[in-house]
1. Would you kindly identify the strands (runs of 3 or more DSSP E) lying entirely within the range 167-232 that contain at least 2 residues that are in contact (Cβ under 8 Å) with a residue 60 or more places away in the chain?
2. Which of the following residues is more than 15 Å from the ligand (Cβ to nearest atom), open to solvent by 50 Å² or more (accessible area, probe 1.4 Å), of a type in the set (D, E) and under 27 Å from Q160 (Cα atoms): E111, E56, E89?
3. Only one of (1) open to solvent by 60 Å² or more (accessible area, probe 1.4 Å); (2) within 16 Å of the ligand (Cβ to nearest atom) fails for L70. Which number is that?
4. Looking at (1) surrounded by 14 or more Cβ atoms within 10 Å (Cβ to Cβ); (2) part of a loop (DSSP other than H, G, I, E, B), which one does K14 not meet, given that it meets all the others?
5. What are the pairs, 6+ residues apart or on separate chains, where a residue within the range 17-28 that is on the phi > 0 side of the Ramachandran plot and open to solvent by less than 10 Å² (accessible area, probe 1.4 Å) has its Cβ under 9 Å from a residue that is within 12 Å of the ligand (Cβ to nearest atom) and among the hydroxyl-bearing types (S, T, Y)?
6. Could you tell me whether any residue of the range 151-162 is outside any strand (DSSP E or B), within 16 Å of the ligand (Cβ to nearest atom), of a type outside the set (F, W, Y) and out of contact with any helix residue (DSSP H, G or I) (no Cβ under 8 Å at 6 or more places or on another chain)?
Amino acid sequence: MDILKTKLQIGAKKPFKIIHMSDTHLTHADLRDGVRKVKLAEDRLPIFPHAEEMLEAADQLAKELGAPILSTGDLIDFVSLKNLERAKEFAKTHDLFLAAGNHEYSLYVGEAFEDAAYRNQSLQKVQAAFKNNIRQSARVIEGINFVAIDNGYYLFEEEQLAFLKEEVKKGLPIVLLLHVPFYKEELTRQAEDPCTHKTIAYIRDEQLIKAVIAGHIHKNTEGTALGRLPQWTTGCTTLRVFEIS
Ligand SMILES: [Fe+2]
């Protein structure tokens, strides 16, 4: 487990810290969900052996810094009662703000084409574990508006674009929290979806949007998105402390 520190100057009323965590991939299951799910948990645990350790570390760091935890999704690896109970307990006992990732709605990993209909099979159940709307939410800290959008299927949807436009009307600097970062390969694919294309153009041109914080690729990266936006991704076994001023 490592901790990275990143500075971001975007005009906060006073300096503050947030903890970015992503792609924790909890792999809990028990027989209430049946043997197939228990087998899935056993198969997935060796891929993500540090999930509980990361929640512990986030807990410690949050207490130490008195900072909120902003997660860009895949907190759970798949939908199970035990995973959702654990997520709910963590959300209840911490200042957690989450943009969902694709795995939040995975019933069995990689079993099906994942789209809105697939997501809707578990959305209500998953949403019930968290305090904020996991599809789109915003919270303001020291004059900075953190807008979290679930783009876990690489797409932006009309209601999310409308939500973002409403948030822009607040006139505050915005940090976007996304599951999937902007990167070249995906941008080409996303251009085929009209609403996603429109949303990306809007994000590129809206000057109140100052930075992107994302996950999904399970790597720590730092770069520029859409030709102008500083963008960070944080891997599965890293906590990134943003010092925002
Ligand atoms: Fe992930």
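1. Working: elements: 174-178, 209-214, 221-225.
The qualifying strands (runs of 3 or more DSSP E) are 174-178, 209-214.
2. Working: E56 fails: under 27 Å from Q160 (Cα atoms); E89 fails: under 27 Å from Q160 (Cα atoms).
After applying the criteria, what remains is E111.
3. (1)
4. All conditions are met except number (1).
5. Short answer, once both residue conditions are applied: D23/S71; D23/T72; D23/T234.
6. no
The values are calculated or read from the model by the stated rules, or taken from the named source; none is laboratory data. As the structure is a computational prediction, the values presented were derived from the model and not from experiment. Cβ atoms come from the backbone with ideal geometry, glycine included; neighbour counts cover every protein chain shown. Ligands, DNA and RNA are stripped out before the accessible areas are found, and what is left, the full protein with its side chains, is counted by its heavy atoms. Shrake-Rupley method; radii C 1.70, N 1.55, O 1.52, S 1.80 Å.
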